[in-house]
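Structure first, then comments.
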Amino acid sequence: MIVKVNNQEVRIFKGASVKHALLRYILRVKADVSNIEKLQVKDRKGHQLDQDAPLKEGDSITVNL
Amino acid sequence: MKKILFFFAILSFLTIGCSQKKGNNYVRPSYKTDIHIVSANDMHGAIENMPMLAAAVDSLRAIDKSLLVLSAGDNRTGNPLNDLYTIPAFPMVALMNYIGFDASTFGNHEFDSDQPLLEKLINLSNFPYICANTFADTELGIQNIPYKFFDVKGVKVCVLGVVQLGIQGTPDSNPDHLKGIRFESVEETINKYLYLRDQCDVFILLSHIGYEDDCAMAEKFPQFDLIVGGHTHTQIEGGELHNGVLITQNVNKLQRVTHTILTVENGKVTGKRAENIEIATSKNKNPFVAQIVEKFSDNPELQRVLAVATAPFSTYEELGLLMCDALKEMTHSEIGFTNMGGVRYDTHPKGDFTVDDVLRLDPFGNGVVIMELTPKEIEDMLIACFYADRNRFPYTSGIKCDIEYTANKNNEPEKVVKLTLTTDDGQPLDPNKKYKVAGNAYAVTVSDSPREDEGREFGSISSDLLIKFLTEKKQINYSGRRCLTEHIVK
């Protein structure tokens with residue numbers, strides 16, 4: 001499935017959680033993964049999400065690295 | 001004439017007391033009162049936060065003993081102390097019973113329990129599971145109800161429950177656990193039960209369908225006063241009004257719950273407000289619940305012997321192979337793989353292999369992903385995993401890997417220059433075939449390489465598969481087994 005992280009498309013397995021999309025995005029932009037658990041993630045309407053939150057096709061999340 | 005009308009008005013008032021008649025034969029109360037609701041969602045086995053939840057509920061019950069306590073599902077999955085208890089997931093049920101939950105809906109993770117376990121957990125619960133779009137075959141004994149009326153200070157509150165359905169039309173869980181259970185679309189289900197609106201004063205949707213779908217349902221069905229939501233772990237500040245329907249939800253594991261107050265006047269909700277209550281960081285604990293949690297945390301199940309190792313494990317590779325075999329066999333795949341960093345110890349003595357040993361070996365609660373891959377895609381994925389896992393090649397089952405690396409100045413692998421994959425009996429992989437590959441979700445995620453099939457969640461965590469694998473095998477011997485042959489080339 002395809003989701004968006006910071007408006008960038010990320011292909012990921014069906015059933016992935018926020019942490020999986022985030023991890024793949026961070027590796028792709030070559031950012032530091034060591035503090036990944038502390039990153040604040042928001043949905044497209046600006047609500048906080050925890051990193052176990054499930055994602056579905058077309059979801060869009062944002063994170064400040 | 002006026003006297004006659006006045007007489008009938010008085011008569012009807014005396015007949016129905018402080019009530020009004022509306023819809024069917026339901027008589028609505030005409031006084032004003034506040035209904036207090038505490039709602040949790042996606043608790044995911046966070047038994048450690050139940051003493052604080054109990055204290056919060058105690059405080060609110062001191063204000064209003066008619067407090068309704070609701071769970072929007074996913075009570076289990078996410079904490080081995082809960083999920084691997086002697087009766088799996090029983091600690092949460094026991095704690096919810098003690099706290100006095102009035103109802104829960106099913107979350108998709110309630111179906112992480114297989115059918116007999118789900119039946120047992122429901123029977124052990126003092127509260128009903130309200131879920132209108134789930135229909136279990138009678139012989140399974142799974143007793144959920146579509147809706148329930150609660151009499152709260154004379155106000156009739158109706159709670160209708162629904163669970164999320166994925167693209168397959170079933171909740172996102174292990175498909176084996178859904179056999180014999182039928183699911184209907186959320187929207188059709190709600191339509192079917194809209195008549196309940198006329199039979200109650202307060203109409204609540206207890207929903208495990210996720211925030212965006214809650215918003216969509218609020219737009220389509222303004223008949224609801226409140227949607228108590230779950231599934232997407234969305235932190236809503238207090239509550240949000242959508243088309244006049246108040247929607248609530250919190251992030252997972254009882255970091256917060258929502259306290260909703262509905263003002264009901266003349267049988268109609270005239271005021272809605274909601275606030276979040278911090279749970280995980282609260283210092284207030286119910287001491288008795290804390291004692292029960294302590295008891296559950298001392299879980300004898302962790303010492304259960306799953307299998308006997310007839311020879312010691314002496315390398316990461318041997319233990320990695322064990323994990324890969326479990327991934328492969330328990331998902332009926334042809335190949336299993338795991339990143340080396342996912343194998344957390346490198347020796348295990350001859351003798352008992354316990355649940356605790358599994359959880360120390362594989363402590364991350366990683367899901368499992370199944371993919372259909374060509375040999376080239378497998379190669380690319382394994383190489384991507386090597387680079388993502390600090391230049392350590394992943395372990396595999398079902399195939400053997402011969403890898404040539406260049407070395408850095410410390411003579412450690414730096415770059416893969418050649419990778420040859422063969423089957424366990426030394427044959428090359430069929431380039432025209434797609435192989436069914438199972439990997440833990442972390443390894444699959446970090447292995448960012450081109451492939452047509454990104455895969456799908458299997459519906460179990462990798463440590464659970466290892467527990468099942470060892471239970472089936474009874475005896476194991478991985479001494480001297482290898483999957484990797486590594487060469488440094490100049």
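Charged side chains reduced to their Cβ positions (Lys and Arg at +1, Asp and Glu at -1) give the protein assembly as shown a dipole of some 1580 debye around its Cα centre. Listed cross-link partners A:Lys14/B:Lys433; B:Lys433/B:Lys468; B:Lys32/B:Lys272; B:Lys32/B:Lys148; A:Lys19/A:Lys42; A:Lys4/B:Lys376 are compared with a 18 Å cut-off, the Cα-Cα value being larger for A:Lys14/B:Lys433; B:Lys433/B:Lys468; B:Lys32/B:Lys148; A:Lys4/B:Lys376.
Working from Cα pairs under 8 Å separated by at least six residues, relative contact order for the range B:265-361 is 34 percent.
Of the solvent-accessible surface of chain B, computed with a 1.4 Å probe and all protein chains present, 52% belongs to carbon and sulfur.
Length gained on full extension, B:Thr420 to B:Val489, computed as 0.36 nm times the residue gap minus the Cα-Cα distance: 23.4 nm. Can you give me the C-alpha center-to-center distance between the range B:182-201 and the range B:305-352, rounded to a whole angstrom? The distance from the Cα centre of the range B:182-201 to that of the range B:305-352 comes to 49 Å.
Across the range A:2-63, C-alpha contacts under 8 Å between residues 6 or more apart give a mean separation that, scaled by the residue count, equals a relative contact order of 47 percent.
Secondary structure note: in the protein assembly as shown, about 70% of the DSSP beta bridges are antiparallel. In this assembly, the A-B interface accounts for approximately 2200 Å² of buried accessible surface in total, computed with a 1.4 Å probe and without ligands, DNA or RNA. Ranked by solvent-accessible area (1.4 Å probe, protein heavy atoms only, all chains present), the residues B:Phe149, B:Phe364, B:Phe127 order from largest to smallest as B:Phe364, B:Phe149, B:Phe127. For B:Gly210, the amide hydrogen comes within under 5 Å of the amide hydrogens of B:Gly230, B:Thr232, counting only partners 5 or more places away or on other chains and with H modelled in the peptide plane.
If you sort the three axes of the alpha carbon gyration tensor as a ≥ b ≥ c, you get a/c of 1.5 or more for the range B:196-279 and a/b no higher than b/c, which makes it oblate.
Overall shape: rounded for the range A:2-63, with the ratio a/c of the largest to smallest alpha carbon gyration tensor axis below 1.5.
Legend: P(r) of chain B from all alpha carbon pair distances, 20 Å bins from 0, whole percents, reading 21, 44, 26, 7, 2, 0.
Residue order by solvent-accessible surface for B:Ser460, B:Ser185 is B:Ser185, B:Ser460, largest first, with ligands and nucleic acids left out and a 1.4 Å probe. Taking every protein chain into account, the 1.4 Å probe leaves A:Lys19 with about 70 Å² of accessible area, to the nearest ten. Classify the protein assembly as shown as rounded, prolate or oblate, taking a ≥ b ≥ c as the square roots of the eigenvalues of its Cα gyration tensor: rounded when a/c is under 1.5, otherwise prolate if a/b is larger than b/c and oblate if not. Because a/c hits 1.5 or more and a/b exceeds b/c, the protein assembly as shown counts as prolate. Computed from Cα atoms, the angle from the helix B:50-63 axis to the main principal axis of chain B rounds to 10 degrees. Largest accessible area first, the residues B:Thr347, B:Thr310 order themselves as B:Thr347, B:Thr310 under a 1.4 Å probe with ligands, DNA and RNA left out. Reported to the nearest whole Å, the Cα centre-to-centre distance from the range B:382-415 to chain A is 27. Per residue, the average separation of C-alpha pairs within less than 8 Å and at least 6 apart gives chain B a relative contact order of 15 percent.
For B:Thr445, the accessible area of its heavy atoms, probed at 1.4 Å with every protein chain present, is near 0 square angstrom. For helix B:316-330, what angle does its Cα long axis make with the longest principal axis of chain B, in degrees from 0 to 90 and rounded to 10? It works out to around 50 degrees. Note on chain A: with a GNM built from Cα contacts shorter than 10 Å, the maximum mean-square fluctuation among A:Leu55, A:Leu27, A:Leu39 falls on A:Leu27.
Between helix B:211-220 and chain B there is an angle of about 30 degrees, using the helix long axis and the longest principal axis of the Cα atoms. Rolling a 1.4 Å probe over the protein heavy atoms leaves B:Lys253 with an accessible area of roughly 60 Å².
Diagonalising the gyration tensor over the Cα atoms of the range B:304-488 and scaling each eigenvalue by 5 before taking the square root yields semi-axes of 25, 19, 15 Å, largest first.
The values are calculated or read from the model by the stated rules, or taken from the named source; none is laboratory data. Owing to the predicted nature of the structure, the values given are computational and were not obtained by experimental measurement. Methodologically, a virtual Cβ is constructed for each residue, glycine included, from the backbone with ideal geometry; neighbour enumeration extends over all protein chains shown. To get the accessible areas, we keep the full protein, side chains included, count just its heavy atoms, and leave off ligands, DNA and RNA. Shrake-Rupley method; radii C 1.70, N 1.55, O 1.52, S 1.80 Å.
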